[in-house]
Amino acid sequence: MKENRFQRILAQGRMPRGHMIMEFGTRGIAKILEAAGVDYVIIDMEHTGFDAERIADLMAWFKATDIAPFVRVPQGLYHFLARTMDAGALGVMVGNVESAEQARAIVDSVKYPPAGKRGVGLGTAHNDYVPPDADAYFAFANRNTTVICQIESTAGLANLDAIAATSGVDILWVGHNDLSVSMGINGKFDHPDFRAAIARVVETANRHGKIAAAQPGSSKQAEEWLAMGFHVLSWKTDIALYRAALKKELDELDALTARIRAHTAPAAR
């Protein structure tokens, strides 16, 4: 099990640079993200067609890099969480965590005793197929595993303190789209109630010694949320980034084509 780069960068007082993969689960994506300077990646199973076998492939490909691979599972259930960790993930994200009981079940699924209740299967993908010294490995794995609870509802906000107080939870991650829908202000991220809600997530994280994180949709939003005190921001999904970059460059190509043709058009007779 490789060292968690995300945790290492946080310990150095820097902000890790992240990205979410929803579409391009290819054999080359790990090295592409490494070339771009990404520190951690979140591979999304909640809103994609990625299955357990694809996740296992991606975990193997990310082992060729120093990037920390995390996986957002479809639900916070043991068979999703433990299998993802056994495939080699260094952390998990679970959407819409609404209680301390849910948070505790997530931690139990991904951490070994005494920190959790994860079943023991050694010498497989997460150990590079070499059986480790069990005691040393359990201690290392428990420290090296990152647990991300998404706050995406008014119920999650109501139980924020209890979720943050759960031992083993590392990150309170604002799911801003779902949270705004739950609050009845769909997409109104400048609404005073929404801003107050995410400010409360930051304050609660600070009070409990946890990390407040989110994935902004624009540079303006990133600036605002950093100013509010968020510790970690992930930068967009592969879909959003590719679409925006391609559209921008196609628009530039259209403008260039029009400009060249304007200067080379044959003279009228």
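The values are calculated or read from the model by the stated rules, or taken from the named source; none is laboratory data. Just so we're clear, the structure is a prediction, and the values are computed from it rather than from any experiment. All Cβ positions, glycine included, derive from the backbone under ideal geometry; neighbour counts span all protein chains shown. Surface areas here come from the heavy atoms of the whole protein model, side chains and all, with no ligands, DNA or RNA. Shrake-Rupley method; radii C 1.70, N 1.55, O 1.52, S 1.80 Å.
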field: Hits in region 92-118 - residues which are over 14 Å from the mean Cα position of the chain (by Cα), part of a loop (DSSP other than H, G, I, E, B) and not aliphatic (A, V, I, L, M)
entry: 98, 99, 111, 112, 113, 114, 116, 117, 118
- prompt: What are the residue pairs meeting all of these: first residue in region 180-203, first residue touching a residue at least 12 places away in the same chain (Cβ under 8 Å), second residue of a type in the set (Val, Ile, Thr), Cβ atoms under 7 Å, and 6 or more apart or on different chains?
  reply: 182/154; 183/154; 194/185; 198/174; 201/151; 201/174
message: I'm told residue 11 meets every condition in (1) in contact (Cβ under 8 Å) with a residue 24 or more places away in the chain; (2) within 23 Å of residue 149 (Cβ to Cβ) except one. Can you identify the failing condition by its number?
response: (1)
field: Of all residues making up region 86-144, the number that are in contact with a helix residue (DSSP H, G or I) (Cβ under 6 Å, 6 or more places away or on another chain), closer than 23 Å to residue 68 by Cβ and among the charged types (D, E, K, R)
entry: 3
query: Which of the residues that make up region 92-114 are open to solvent by 10 Å² or more (accessible area, probe 1.4 Å) and either over 30 Å from residue 179 (Cα atoms) or among the acidic types (Asp, Glu) (or both)?
result: 98, 101, 108, 113, 114
statement: Apart from one, (1) modelled with pLDDT under 95; (2) farther than 30 Å from residue 84 by Cα all hold for residue 217; the odd one out is (2)
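Taking region 5-17, which residues are of a type outside the set (Lys, Arg), open to solvent by 10 Å² or more (accessible area, probe 1.4 Å) and touching a helix residue (DSSP H, G or I) at 6+ places or on another chain (Cβ under 9 Å)?
Step one: filter region 5-17 for residues of a type outside the set (Lys, Arg), giving 6-7, 9-13, 15-16.
Adding the requirement that they be open to solvent by 10 Å² or more (accessible area, probe 1.4 Å) leaves 7, 10-13, 15.
The answer is 7, 15.
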- request: Could you pull out the residue among 235, 225 that is open to solvent by 50 Å² or more (accessible area, probe 1.4 Å) and out of contact with any Asp or Glu (no Cβ under 8 Å at 6 or more places or on another chain)?
  value: 235
- request: Within region 119-138, track down each residue that is farther than 24 Å from residue 61 by Cα and not in a helix (DSSP H, G or I).
  value: 119, 133
query: Just a yes or no: is a residue in region 68-77 open to solvent by 70 Å² or more (accessible area, probe 1.4 Å) and within 15 Å of the chain's Cα centre (by Cα)?
result: yes
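Determine, yes or no, whether residue 206 is open to solvent by 60 Å² or more (accessible area, probe 1.4 Å), within 18 Å of residue 95 (Cα to Cα), under 20 Å from the mean Cα position of the chain (by Cα) and not aromatic (Phe, Trp, Tyr). Explain how you work it out, then say what you get.
Numbers: open to solvent by 60 Å² or more (accessible area, probe 1.4 Å): yes; within 18 Å of residue 95 (Cα to Cα): no; under 20 Å from the mean Cα position of the chain (by Cα): yes; not aromatic (Phe, Trp, Tyr): yes.
So residue 206 does not fit the description; no.
Can you go through 2, 31 and tell me which one is basic (Lys, Arg), over 13 Å from the mean Cα position of the chain (by Cα), surrounded by 15 or more Cβ atoms within 10 Å (Cβ to Cβ) and farther than 23 Å from residue 212 by Cβ? Talk me through it step by step, then tell me what you get.
Values: 31 fails: surrounded by 15 or more Cβ atoms within 10 Å (Cβ to Cβ).
Checking each option against the conditions leaves just 2.
With respect to residue 254, determine if the residue is assigned to a helix (DSSP H, G or I), open to solvent by 50 Å² or more (accessible area, probe 1.4 Å) and touching a Ser or Thr at 6+ places or on another chain (Cβ under 9 Å). Break it down into steps so the answer makes sense when it comes.
Numbers: assigned to a helix (DSSP H, G or I): yes; open to solvent by 50 Å² or more (accessible area, probe 1.4 Å): yes; touching a Ser or Thr at 6+ places or on another chain (Cβ under 9 Å): no.
Against the criterion (assigned to a helix (DSSP H, G or I), open to solvent by 50 Å² or more (accessible area, probe 1.4 Å) and touching a Ser or Thr at 6+ places or on another chain (Cβ under 9 Å)), residue 254 does not qualify.
Does residue 46 qualify as being in contact with a strand residue (DSSP E or B) (Cβ under 8 Å, 6 or more places away or on another chain), at negative phi and surrounded by fewer than 22 Cβ atoms within 10 Å (Cβ to Cβ)?
Spelling it out, residue 46 is indeed in contact with a strand residue (DSSP E or B) (Cβ under 8 Å, 6 or more places away or on another chain), at negative phi and surrounded by fewer than 22 Cβ atoms within 10 Å (Cβ to Cβ).
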query: Among the residues of region 80-91, is any open to solvent by 10 Å² or more (accessible area, probe 1.4 Å), in contact (Cβ under 8 Å) with a residue 40 or more places away in the chain, acidic (Asp, Glu) and outside any loop (DSSP other than H, G, I, E, B)?
result: yes
